[in-house]
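Every read-out reported here was derived from the displayed coordinates using simple, explicitly stated rules and does not represent laboratory data. Remember, predicted model here, so these are calculated numbers, not experimental data. A quick note on method: Cβ atoms are made from the backbone with ideal geometry, for glycine too, and the neighbour counts reach across all protein chains shown.
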There are 2 protein chains.
Amino acid sequence: MTKRTIVIVGGALSGPTAAARAREVDEHARILLIERNAHVSYAVGGLAYHLSGEVKALADLDSQRSDFFASVYGVEVWTGAEATALDAPARVLTVQRGGERTTVPYDALVFALGAASPVPDVPGLSGKNVRTFRTLADLAALKKALAGSGRRVAVLGGGSMGVEAADGLVRAKAKVTLVERHQRLLPQLGTQVARHAEAALAARARVILGAEVIGAESARGKVRRLHLSNGTKLEVAAVVIAAGLSPRTELLEAAGAVLAPDRTVLVDALARTSLPHVWACGVCVSVPSAVTGRPVWSAQGALADKTAQVAGANAAGAQVRLGAAAETMLVRVLDTVVGRTGLSAAQARAHVGVDAEVTTIHAPSHDPWFPGADDVLVELVWNRHSGRLLGAECAGRSGVDKRIDVAAAAIAGGLTVDQLAEVDLGYAPPFSAARDPINVAATVAAAHWREWVRSIGAEQLAKLAPTFQLVDVRGSKQHRAGTIAGAVHLPLEALRERVGELDRKRPTVAFCDSGRRGYLAARLLQQRGLTDVRYLGGGLASWQLVGQPLVRERAR
Amino acid sequence: MTKRTIVIVGGALSGPTAAARAREVDEHARILLIERNAHVSYAVGGLAYHLSGEVKALADLDSQRSDFFASVYGVEVWTGAEATALDAPARVLTVQRGGERTTVPYDALVFALGAASPVPDVPGLSGKNVRTFRTLADLAALKKALAGSGRRVAVLGGGSMGVEAADGLVRAKAKVTLVERHQRLLPQLGTQVARHAEAALAARARVILGAEVIGAESARGKVRRLHLSNGTKLEVAAVVIAAGLSPRTELLEAAGAVLAPDRTVLVDALARTSLPHVWACGVCVSVPSAVTGRPVWSAQGALADKTAQVAGANAAGAQVRLGAAAETMLVRVLDTVVGRTGLSAAQARAHVGVDAEVTTIHAPSHDPWFPGADDVLVELVWNRHSGRLLGAECAGRSGVDKRIDVAAAAIAGGLTVDQLAEVDLGYAPPFSAARDPINVAATVAAAHWREWVRSIGAEQLAKLAPTFQLVDVRGSKQHRAGTIAGAVHLPLEALRERVGELDRKRPTVAFCDSGRRGYLAARLLQQRGLTDVRYLGGGLASWQLVGQPLVRERAR
């Protein structure tokens, strides 16, 4: 048997995974891993948790894993080596190593160079205390900067990397200001879930939205003050750059590979690039979406792992297919967790148009009488025509990861919302309620789908409120604390007696705090002769999450 | 419109749920709920958690919910009323209420009387301190008995109710002895997961298997000592009876309804009994299984809730179908959680025969470098012919509920193990690993399905061990601590060099602690010329869970 040579370019997370998988497939190949830095590292996903102090010895763990990797898989590792040119038709990689240029002929090449964190082009924004958030060296520099006086840190960027960094820094007792140029955090998430995350972060850090850094003042090699576009000046001991990711695909582009407009390399379900004998994986690739089939870039660790396994196996001769990417994402934001899977409402509307419906509920993470129970927000995106689940988002203090994963499995299985409503999920009081929030959300969605009870979303009601007869069906105490301007107050308990006080012909929206009483009221009112009734999905919790105000009114 | 009368018999959890759902469907019906006890109660699922001290005021919460229920849903509630006879053709229920007999004509009847906890027929086994574990009154009596001297409690029965009670009692600082007549706990679970639960309980309580109570000694109206069939005598301050459930179906049986051999009432997917205009729900019914379609009895709260919703809606005129029951179960056992969904290995073998395969892995609940990570056992049951997931079990200290629910959704969607391996689950270090244990288990199952690497289960290897060449591929330190008798020690790191020491023609099993290194070794060895190689699924962790010993041997 001729011994094949498989070269893996990139040694963070995906490269070693691809190498290991290639070894599983081909025990006899020469497998060569090429990494620019001084050691093969697995750390990227752990930086924020080391910064926070929760993980004590990330570097130690990494070097152990690195040794295990080399000895168990029999992979040749070149560290301090950089791939500088690729001749795909000739199957030759040029590598700069220890001042020398080497050419490496290969049979198969796996490209796994990941992505860089670009530094914004702002005059003066550089110094020992200005770091991206990608390597152990970044972390060491940040810790050093924070050990000095001040402990004020600016995090530039409100995507998942910026939010994770802010979470870790707050836990490390830094005084954090996060600056994001858009009006919201976490652009992959819907408005309500993103606002949930924002509120959790703003409780323990300063969050500045709609502004960006336009200048920096330095002293003794360190940036000391940032100037923002909104006129704010920030004193800083350190600056963390987390303003997006830039795929490291220059080498592939120069070799003629087809890139997406976002500069990721397009791969197919076999993780092949457009170049012969070249596979790619990790956070530098776009993969086919689970729902739309179109290429999507989802720079998440779990997907990076999956592409790495497929690229490694296939480079070694297998024909493994990539499962479709659901763009699943999970971010811890201090006491809160937010996540998504499948299509967001915005993606669904772009893809399936008006047939995309969104159902939002707030329900207890587990039996409300068991300690630690707290409402989770569950948002389901589904197809009005087929009833199929397209996506889900979730936010709350506990059990968010579970509901996201259940939704991911449900999407993979093509479940409709009424099937999801009936899935027999596990019940024990510390973990769920007899009717799990996922079952509740799907039940409510199915009621809408079957035209049993219609809801209206908070964002839509915000635009249309004056056209509706609004009915607050909560108790008096809740009503007194604040309601929607112009709403009538008729508690659910009294609704049967007092239904005559309402205009039966007028389009009506019933609402409460979470959506549950509103749902019951809508069902009651439509059976008591009102011709056009809906309820506010997610209730006033959702109304406030989309930025709408409450007013104090006297009861009628 | 003629006003219909819907009568609900039984007021614990399922009856009120059915009544509420009936009200949603029919705003105008008279809905009458009949309950034997003094108040409508929701407490059954919360008893263990109140006993433990984690839930402070279960009774208060319940009465609040009861008031809310009556006022919001407009349901007429008769407490202290017992249904004594049913004439289904005439649609008349006879009720004993406050010393008087009343007949109640109805249009639809929902039967939700639940199940009783039968007291074993043992001479002397009764007294103020001998209680079942079904009501708030039971709980009050137990607390009173425990407030006295001793704090020794015997729990009779090792099913989920007995284990839950033992968990609550240990947390309440009682000295617990659990007595189960079979040789294992939790009969619904497979051997390995049940042993996991047993170990967790035995760490903080006395667990006596294979014995039952044959006599009891009393003093002043209280049982003071139990005599067991194995000769053991137990001093007790209280006795908790949790020896199975007996469905309260006498009334239906007398009325001519078809019961299952286990005395549950058979209902169809519309929750209809065999009697006209009579529906049934809760823990007294058998429902069609998700996987086999055959009736199954799964006395779990979540399923009780689902049947109640369907029965209530349909009694009020809807045509809602029950989702298939997956017999999902989740039990907390002190620091451990165990669960199942779908078919167990035993059920699958009975149903699909030799085509049922079982894959067992142990993998970290989340990134091993993040605090609190601990191996979870995941066992997948799948169809060797179609690759479809049939069932799953899980045990561990964290994240068990999540993996069970993901499997439940995957079964509902008909996923194959290779599809499940690729489901894009959420990753963040506190909650999962880049490759979630569910993905890992499904990857390993798929490798077996595709005949890529074959495993052998611990129970099977225990029977066949002498026929195999056994290879311990762990490090020297682990090997010295104990291995399988007769095994060769060849660490994975040295396997490539030392493969010549093995007999290539002999059927071989490679093993390690968890299964991972064994898997890699098997793949390596079959590519290095061994003709028949497997690895021990779940490694020595599973080997020990099925009760097999380790021996100390010198390295060759």
Requested in this report: Compute the label-point distances linking B:Gly547 to its equivalents in the other copies; points lie 7 Å from Cα along Cα→Cβ; give nm, one decimal, shortest first.
Outcome: 6.6
Query raised in the report: What are the distances, in nm and sorted shortest first, from the label point of B:Arg454 to the label points of the same position in each other copy, with each label point placed 7 Å from Cα along the Cα-to-Cβ direction?
Result: 6.1
Requested in this report: Within the range A:174-222, list the GluC sites (Glu not before Pro) lying in a DSSP loop whose Cβ has at most 15 other Cβ atoms in a 10 Å radius.
Outcome: none
Query raised in the report: Any idea which of A:Ala356, A:Val406, A:Gln419 is furthest toward the positive side of the dipole for the range A:335-452, if Lys and Arg beta-carbons carry +1 and Asp and Glu beta-carbons -1?
Result: A:Ala356
Query raised in the report: Between the range B:107-133 and the range B:425-458, how many Å separate their Cα centres?
Result: 43 Å
Report summary line: Label points for B:Pro507 built 7 Å along Cα→Cβ; distances to same position in the other copies, nm, shortest first, come to 7.2
Query raised in the report: Using modelled amide H (1.01 Å from N, peptide plane; none on Pro or chain starts), what sits under 5 Å from the amide H of B:Ile8, excluding residues fewer than 5 places away?
Result: B:Leu32, B:Leu33, B:Ile34, B:Val110
Report summary line: Expected unfolding gain across A:Asp503-A:Ser386 under the 0.36 nm per residue rule, minus the alpha-carbon gap, is 38.7 nm
Query raised in the report: Roughly how big is the range B:455-545's charge dipole about its Cα centre, with Cβ charges of +1 (Lys, Arg) and -1 (Asp, Glu), in debye to the nearest 20?
Result: 140 debye
Query raised in the report: Check B:Ala356: other-chain or 5+ apart residues with amide H under 5 Å from its amide H, H built from backbone geometry?
Result: B:Arg384
Query raised in the report: Which cross-chain or sequence-distant (5 or more) residues have an amide H under 5 Å from the amide H of B:Arg534, H modelled 1.01 Å from N in plane?
Result: B:Thr508, B:Val509, B:Ala510
Report task. Averaging sequence separations of C-alpha pairs under 8 Å and six or more residues apart, then dividing by the length of the range A:130-241, give the relative contact order as a whole percent. Result -> 33 percent
Report summary line: What helix-only [θ] at 222 nm does chain A give? Using -39500 (n - 2.57) per DSSP H run of at least 4, over all residues, to the nearest 500, the answer is -8500 deg cm²/dmol
**Report entry** Entries of A:Lys143/A:Lys173; A:Lys477/B:Lys56; B:Lys175/B:Lys402; A:Lys505/B:Lys3; A:Lys477/B:Lys306; A:Lys477/A:Lys505 with Cα pairs more than 21 Å apart
**Finding:** A:Lys477/B:Lys56; B:Lys175/B:Lys402; A:Lys505/B:Lys3; A:Lys477/B:Lys306; A:Lys477/A:Lys505
Requested in this report: Determine, for A:Ser344, A:Ser52, B:Ser246, the number of other Cβ atoms within 10 Å of each Cβ, and report the residues in order from fewest to most.
Outcome: B:Ser246, A:Ser52, A:Ser344
Query raised in the report: From the phi of every residue in the range B:287-298, what ³J(HN,Hα) in whole Hz does the Karplus formula 6.51 cos²θ - 1.76 cosθ + 1.60 yield, where θ is phi - 60° and glycine or proline is x?
Result: 10, x, 5, 4, 9, 9, x, 7, x, 10, 10, 10
Query raised in the report: Can you list the HN-Hα couplings for the range A:326-338, worked out from phi with the Karplus curve (6.51, -1.76, 1.60; θ = phi - 60°), rounded to whole Hz and with x for Gly and Pro?
Result: 9, 6, 5, 8, 9, 10, 7, 10, 6, 7, 10, 10, 10
Requested in this report: Only Cα pairs under 8 Å and at least 6 apart count here; give the relative contact order of the range A:436-556 as a rounded whole percent.
Outcome: 32 percent
Query - Cα gyration tensor category, rounded, prolate or oblate, for the protein assembly as shown with a/c compared to 1.5 - result: oblate
Query raised in the report: Which distance in nm do the two modelled labels at B:Arg552 and B:Glu451 give, with both placed 7 Å along the Cα-to-Cβ direction?
Result: 4.4 nm
Query raised in the report: Relative contact order of chain B: what whole-number percent is it, with Cα pairs under 8 angstrom and at least 6 residues apart?
Result: 11 percent
Query - Cα centre as origin, Lys/Arg/Asp/Glu Cβ charges: the range A:64-134 dipole, Debye - result: 300 debye
Report task. Return the sequence-ordered ³J(HN,Hα) values of the range A:172-179 in whole Hz as given by the Karplus equation 6.51 cos²θ - 1.76 cosθ + 1.60 applied to θ = phi - 60°, using x for Gly and Pro. Result -> 7, 6, 7, 9, 9, 10, 9, 10
Query raised in the report: When the dipole is taken about the Cα centre of the protein assembly as shown, and only Lys, Arg (+1) and Asp, Glu (-1) are charged at their Cβ, what size is it in debye, to the nearest 20?
Result: 1980 debye
Query raised in the report: Between B:Asp335 and B:Glu76, 0.36 nm times their residue separation minus their Cα-Cα distance comes to what?
Result: 88.9 nm
Report summary line: Excluding residues fewer than 8 positions from A:Lys233 in its own chain, the aspartates and glutamates with Cα under 12 Å of it are A:Glu212, A:Glu217
**Report entry** Residue closest to axis [chain A; rotation mapping onto B; Cβ; Å]
**Finding:** A:Gly413, 1
Query - Pairwise label distance in nanometres, A:Arg204 with B:Asp532, each label 7 Å out on the Cα-Cβ vector - result: 5.9 nm
Query - Inter-label distance, nm, simple model (7 Å from Cα along the C-beta direction), B:Glu27/B:Ala57 - result: 3.4 nm
